[in-house]
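Some notes on the structure that comes next.
The values are calculated or read from the model by the stated rules, or taken from the named source; none is laboratory data. What you see is a predicted model, and the numbers here were worked out from it, not measured in a lab. With ideal geometry, Cβ positions are generated from the backbone for all residues, glycine too; neighbour counts draw on all protein chains shown.
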Amino acid sequence: MTWNHWKNPIKALLVVAILAISTWAILPIQNKIHLGLDLQGGMSVLLQLEATPEVPKITKQVQNQVQTVIQNRINGLGVSEPVLAEVGSDRLLVQLPGVKDPDEALRTLKEAAILEFKICPTTVVARAEGDKAYGDSPAGAYKDCGKTVYSGADLKGAQPSPDQLGTGWRILFQTKNPGKFGRLTQDNMGKPLGIFLDRKYVSAPTINGVITSDGEITGSFSQEDVTRIANELAAGALPVPTRIIENETVGPTLGKVDLIKSLYAAMVGLALVVVFMVAVYRVPGLLADFALAIYVLMMLALLAESKAVLTLPGIAGFVLSIGMAVDANVLIFERLKEEIWAGKTLRGAVKTGFARAYSSVFDSHITTIVGAAVLWMLGTGTVKGFAYTLFWGTVLSLLTAVFITRFFTDLVVDNDMVSSHKAYGA
């Protein structure tokens, strides 16, 4: 048997496979499509990285280190699909869609989480316990306890835990170098081990035995405090301080309104396109509408499987790529009508029309794909969201035009389902 005999069944199987895989990928849709800050609410924070005597210049490496630490901290907050982007050479944009506790998130972004252990005189401990201002001042207990003998950089893990009485909270930690911490506790038996977080006094338990791998940090902590601090310690300390220079919060109600308006506009536009294609191109227009529905399904599946964050600009890129798909079909069907007017049979008109339109369709799609790729590489934040959906939408649009629309058209023409030239808009 020839290829012409098998081509439509094989193409049909491919189309069915595309439909099945795409449907599987997006269901349940409410759990698969991740919405951005502007659609579900949340917060956007612009951080300024500040140089210190220890780190006099904010380099690319420092910026990357800060981004890694903050990414690890955000993962501990349970925020779905956060966005982190470098802005200039010394700033970082952090977007947290759907964050439930903005205040906790701000503390997580702002705190350096530098943990230090010092051997403290009992007089300093007594004063720090009774005078909060003295305990919180870098020139107070932190300075009077002398040099740092162990730091958070030497820890390999930290977890929140209820205290032994079950009435308070503590932080359990594990050390990277048990021998070092063991020698420290052995040499200072009976002395207070001052614990400081970001140069603020936390507590000073007395060393009553040799501690090697596991220890605990106690203090006047709430459950929220120990969870946040343990998360920060596990993520690591920031190499430089950060300062919040912009903080924008988008309420979930506003995000929902924007989402509804965007979806409404997209559906109205899509409906008008469907009507236009059928009114002008008749049967081919109807076939193109079926192909367009498959295109939308494939695009949603791609967004779901790539865990992309859908934003308002992303929806704009999606809608624009739908326009590219429609434009491709318009070029093809105009060529098809010209071939019919030239006196060719339907099969000949379809074959020649698609072949002659292909170069124009390909060129227009490639130029858009290149432009979207440049936007993705050079853009930040929402620009990337627009570029991402435009890029992949245009790629799938090309696939839809040259394969799926062609398959439907061949299926109708080869089986003589509709033979009237008027039904093809000619």
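Give just the number: which of (1) modelled with pLDDT of 80 or more; (2) of a type outside the set (A, V, I, L, M, F, W, C); (3) not in a strand (DSSP E or B) does ARG107 not satisfy?
Result: ARG107 passes all but (1).
Only residues in the stretch 306-330 that are more than 24 Å from PHE354 (Cβ to Cβ) and outside the structural domain of ILE369 (by TED's automatic domain parsing) count as the first member; pair them with residues that are at pLDDT 85 or above and not aliphatic (A, V, I, L, M), Cβ under 7 angstrom, at least 6 apart or cross-chain, and list the lot.
No pair meets every condition.
Considering only the stretch 344-367, I want to know if a residue exists there that is touching a strand residue (DSSP E or B) at 6+ places or on another chain (Cβ under 9 Å) and either acidic (Asp, Glu) or more than 20 Å from ALA291 (Cβ to Cβ) (or both). So that I can check it myself, show each step before the final result.
Our first condition is that a residue be touching a strand residue (DSSP E or B) at 6+ places or on another chain (Cβ under 9 Å); within the stretch 344-367, this holds for none.
Scanning the stretch 344-367, I find no residue that is touching a strand residue (DSSP E or B) at 6+ places or on another chain (Cβ under 9 Å) and either acidic (Asp, Glu) or more than 20 Å from ALA291 (Cβ to Cβ) (or both), so the answer is no.
Here is a list of conditions, (1) surrounded by 14 or more Cβ atoms within 10 Å (Cβ to Cβ); (2) in contact with a strand residue (DSSP E or B) (Cβ under 8 Å, 6 or more places away or on another chain), and GLU129 meets all of them except one; can you say which number that is?
If we test GLU129 against (1) surrounded by 14 or more Cβ atoms within 10 Å (Cβ to Cβ); (2) in contact with a strand residue (DSSP E or B) (Cβ under 8 Å, 6 or more places away or on another chain), just (2) comes out false.
(1) touching a Phe, Trp or Tyr at 6+ places or on another chain (Cβ under 8 Å); (2) surrounded by fewer than 20 Cβ atoms within 10 Å (Cβ to Cβ); (3) not small (Gly, Ala, Ser): which one isn't true of ARG335, the others all being true?
Condition not satisfied by ARG335: (2).
Can you find even one residue in the stretch 294-303 that is aromatic (Phe, Trp, Tyr) and more than 20 Å from THR23 (Cα to Cα)?
Filtering the stretch 294-303 for residues aromatic (Phe, Trp, Tyr) gives 295.
From what is left, the residues that are more than 20 Å from THR23 (Cα to Cα) are none.
Checked the stretch 294-303: no residue is aromatic (Phe, Trp, Tyr) and more than 20 Å from THR23 (Cα to Cα).
Name the residue that is modelled with the highest pLDDT, counting only residues in the stretch 110-124 that are touching an Asp or Glu at 6+ places or on another chain (Cβ under 8 Å) and within 19 Å of THR242 (Cβ to Cβ).
ILE114
Checking THR108 against (1) over 30 Å from LYS261 (Cα atoms); (2) in contact with a Pro (Cβ under 9 Å, 6 or more places away or on another chain); (3) crowded, with 20+ Cβ neighbours inside 10 Å, which single condition isn't satisfied?
Result: THR108 fails condition (2) only.
Do the conditions hold for THR400, that is, is it among the hydroxyl-bearing types (Ser, Thr, Tyr) and either free of Cβ contacts under 8 Å to residues at least 24 places away in the same chain or on the phi > 0 side of the Ramachandran plot (or both)?
Details: among the hydroxyl-bearing types (Ser, Thr, Tyr): yes; either free of Cβ contacts under 8 Å to residues at least 24 places away in the same chain or on the phi > 0 side of the Ramachandran plot (or both): no.
Taking the combined requirement at face value, the residue does not satisfy it.
Of all residues in the stretch 59-102 being charged (D, E, K, R) and closer than 28 Å to PRO160 by Cα, which is surrounded by the most Cβ atoms within 10 Å (Cβ to Cβ)? Working first, answer last.
Going through the stretch 59-102, the residues charged (D, E, K, R) turn out to be 60, 73, 81, 86, 90-91, 100-101.
Keeping just the survivors that are closer than 28 Å to PRO160 by Cα gives 73, 81, 100-101.
Working: ARG73: 22, GLU81: 16, LYS100: 11, ASP101: 12.
The selected residue is ARG73.
Return the pair list, or none, for Cβ contacts closer than 8 Å from residues in the stretch 174-189 that are within 12 Å of SER213 (Cα to Cα) to residues that are modelled with pLDDT under 85 and exposed (fewer than 13 other Cβ atoms within 10 Å of the Cβ), at least 6 apart or on different chains.
Every condition considered, the pairs that remain are GLN174/LYS156; GLN174/ASP214; THR175/LYS156; THR175/ASP214; LYS176/LYS156; THR185/GLY209.
Which of the residues spanning the stretch 287-308 are surrounded by fewer than 17 Cβ atoms within 10 Å (Cβ to Cβ) and under 17 Å from LEU411 (Cβ atoms)?
Across the stretch 287-308, the qualifying residues are PHE290, ALA293.
Scan the stretch 373-380 and give yes if some residue there is hydrophobic (A, V, I, L, M, F, W, C), buried (at least 16 other Cβ atoms within 10 Å of the Cβ) and closer than 30 Å to LEU302 by Cβ, otherwise no.
Initial filter on the stretch 373-380 (hydrophobic (A, V, I, L, M, F, W, C)): 373-378.
From what's left, buried (at least 16 other Cβ atoms within 10 Å of the Cβ): 375-376.
When the remaining residues are screened for being closer than 30 Å to LEU302 by Cβ, the result is 375-376.
Yes - at least one qualifying residue is present in the stretch 373-380.
Taking the stretch 372-426 only, how many residues are assigned to a helix (DSSP H, G or I) and more than 30 Å from PRO284 (Cβ to Cβ)? Outline the logic, then answer.
Let us first name the residues in the stretch 372-426 that are assigned to a helix (DSSP H, G or I), namely 372-378, 382-414, 421-424.
If we keep only those that are more than 30 Å from PRO284 (Cβ to Cβ) as well, we get 373-378, 382-388.
Adding up the residues that qualify gives 13.
How about the stretch 212-224: which of its residues are surrounded by 18 or more Cβ atoms within 10 Å (Cβ to Cβ) and at pLDDT 70 or above? Working first, answer last.
Residues of the stretch 212-224 surrounded by 18 or more Cβ atoms within 10 Å (Cβ to Cβ): 215, 217, 219, 221.
GLY215, the sole residue that qualifies.
So THR148 clears everything in (1) touching a residue at least 24 places away in the same chain (Cβ under 8 Å); (2) closer than 19 Å to ARG73 by Cα except one condition, right? Which one?
So the condition that THR148 fails would be (2).
Just checking, which of VAL66, VAL62, VAL45 is at pLDDT 85 or above and within 22 Å of PRO239 (Cα to Cα)? Don't jump to the end; show me each part of the working.
Details: VAL66 fails: at pLDDT 85 or above; VAL62 fails: at pLDDT 85 or above.
On inspection, the qualifying residue turns out to be VAL45.
So which residues in the stretch 152-165 are in contact (Cβ under 8 Å) with a residue 40 or more places away in the chain and surrounded by fewer than 18 Cβ atoms within 10 Å (Cβ to Cβ), if there are any at all?
If we filter the stretch 152-165 for residues that are in contact (Cβ under 8 Å) with a residue 40 or more places away in the chain, which is where we start, we get 152-153, 155, 157-161, 163.
Correct list: ALA153, GLY157, GLN159, SER161, ASP163.
Return the residue satisfying two criteria in turn: it lies in the stretch 115-162 and is touching a helix residue (DSSP H, G or I) at 6+ places or on another chain (Cβ under 6 Å), assigned to a helix (DSSP H, G or I) and not small (Gly, Ala, Ser), and of such residues it is nearest to MET189 (Cα to Cα).
VAL124
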